[in-house]
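Data block below; observations after.
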Amino acid sequence: MRVLDRIRSNSTGRLALKIGVGVVGGLVVAVGIVLIPFPGPGWAIVILGLAILAIEFHWARGVLEFTKRHVQNWTHWIGRQSLPIRALVGLVGLIFIWAVVWASVRISFGVDLVQVALDWLETR
C-alpha cells in the first residue's frame with residue numbers, strides 16, 4: 001500500500017494531508033509568483049507548487065495540465081522560428097528583465113542603475 005493511500009485511509013489523515021498539501025503547495029506557488037518577474041526559475045517554482053497541489057486537489061491538476069500544455073506549445077513555437085525571431089524574443093525578454101531589476105533597485109534602494117552606469121562611464 002502506498003504511503004498516501006495509508007494516510008488517506010482515515011478521516012484525520014485525509015484532512016491533515018489536504019491541509020498540509022494546501023499550505024505547502026500554496027506557499028511554493030506564492031514564492032514562484034513573486035519570483036516570476038526576476039531572473040531565475042519563477043515559472044518553474046509555480047509549476048512545482050501546482051504539482052504539489054495536484055496531489056490532493058483536482059482543480060490544480062487541471063491548471064497544471066493547462067500550464068504544461070501552453071509552456072510546451074510556446075517552446076515548440078519558438079523552436080520553429082528563425083534565428084532572428086528567436087533573437088528578438090530573447091532581446092525583448094532581456095529588456096523586460098532589465099526593466100524589472102532597474103525598477104526593483106530604484107524602488108527598494110533608491111538607486112538609479114542607469115545613472116550609476118553613466119557616472120561610471122564618465123570617470124573612465
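Could you tell me which of 58, 31, 85 has its Cα farthest along the dipole of the chain towards the positive end, charges placed at Cβ (Lys, Arg +1; Asp, Glu -1), taken about the Cα centre?
58
What figure, in Å² to the nearest 10, do you get for the accessible area of residue 65 with a 1.4 Å probe and non-protein molecules left out?
Probe radius 1.4 Å; accessible area of residue 65 about 90 Å².
Roughly how much of residue 70 is accessible, in Å² to the nearest 10, using a 1.4 Å probe?
90
Measure off 7 Å from each Cα along the Cα-to-Cβ vector at residue 116 and residue 36, then give the distance between these two points in nanometres to one decimal.
It works out to 2.7 nm between the two label points.
Quick check for you: with a 1.4 Å probe and neighbouring chains kept, what is the accessible area per residue of the chain, in Å²?
Dividing the accessible area of the chain by its residue count gives 73 Å².
How long are the three semi-axes of the equivalent ellipsoid of the range 82-124, in whole Å, if each is the root of 5 times an eigenvalue of the C-alpha gyration tensor, listed from largest down?
One finds semi-axes of 27, 16, 4 Å for the range 82-124.
State to the nearest 20 debye the size of the charge dipole of the chain about its Cα centre, where the only charges are +1 on K and R beta carbons and -1 on D and E beta carbons.
680
Using alpha-carbon positions, what is the distance between the centroids of the range 1-23 and the range 60-96, in Å?
One Cα centre to the other: 36 Å.
Which order do you get for 6, 86 if you rank them by accessible area with a 1.4 Å probe, largest at the top?
Ranked from most to least accessible, the order is 6, 86.
Compute the normalised compactness of the range 56-104: alpha-carbon radius of gyration over 2.2 N^0.38 Å, N being the residue count.
Scaled against compact globular proteins, the figure is 1.59.
Among 32-40, 47-55, 108-116, how do they line up from the highest to the lowest mean number of other beta-carbon atoms within 10 Å?
Going from most to least packed, we get 47-55, 32-40, 108-116.
Which entry in (i) 11, 25, 26, 20, 12, 5, 1, 0; (ii) 14, 49, 33, 4, 0; (iii) 11, 37, 38, 13, 1 matches P(r) over Cα pairs in 10 Å bins from 0, in percent derived from the coordinates of this structure?
(i)
Let me have the relative contact order for the chain, percent, based on Cα pairs under 8 Å that are six or more residues apart.
For the chain, the relative contact order is 15 percent.
What is the percent carbon and sulfur in the accessible area of the chain, measuring with a 1.4 Å probe over the protein chains and ignoring ligands?
Carbon and sulfur: 73 percent of the exposed surface of the chain.
How far apart, in nm, are two points set 7 Å out from the Cα along the Cα-to-Cβ line at residue 11 and at residue 108?
Once both label points are built, they end up 4.7 nm from each other.
Grab the beta carbon distance between residue 4 and residue 68, set R0 = 25 Å, and tell me the FRET efficiency rounded to 0.05.
0.70
The values are calculated or read from the model by the stated rules, or taken from the named source; none is laboratory data. Small disclaimer: the values here were computed from a predicted structure and weren't measured. Every residue, glycine as well, gets a Cβ built from its backbone with ideal geometry; the counts of neighbours run over all protein chains shown. What goes into the accessible areas is simple: the full protein's heavy atoms, side chains included, and nothing from ligands, DNA or RNA. Shrake-Rupley method; radii C 1.70, N 1.55, O 1.52, S 1.80 Å.
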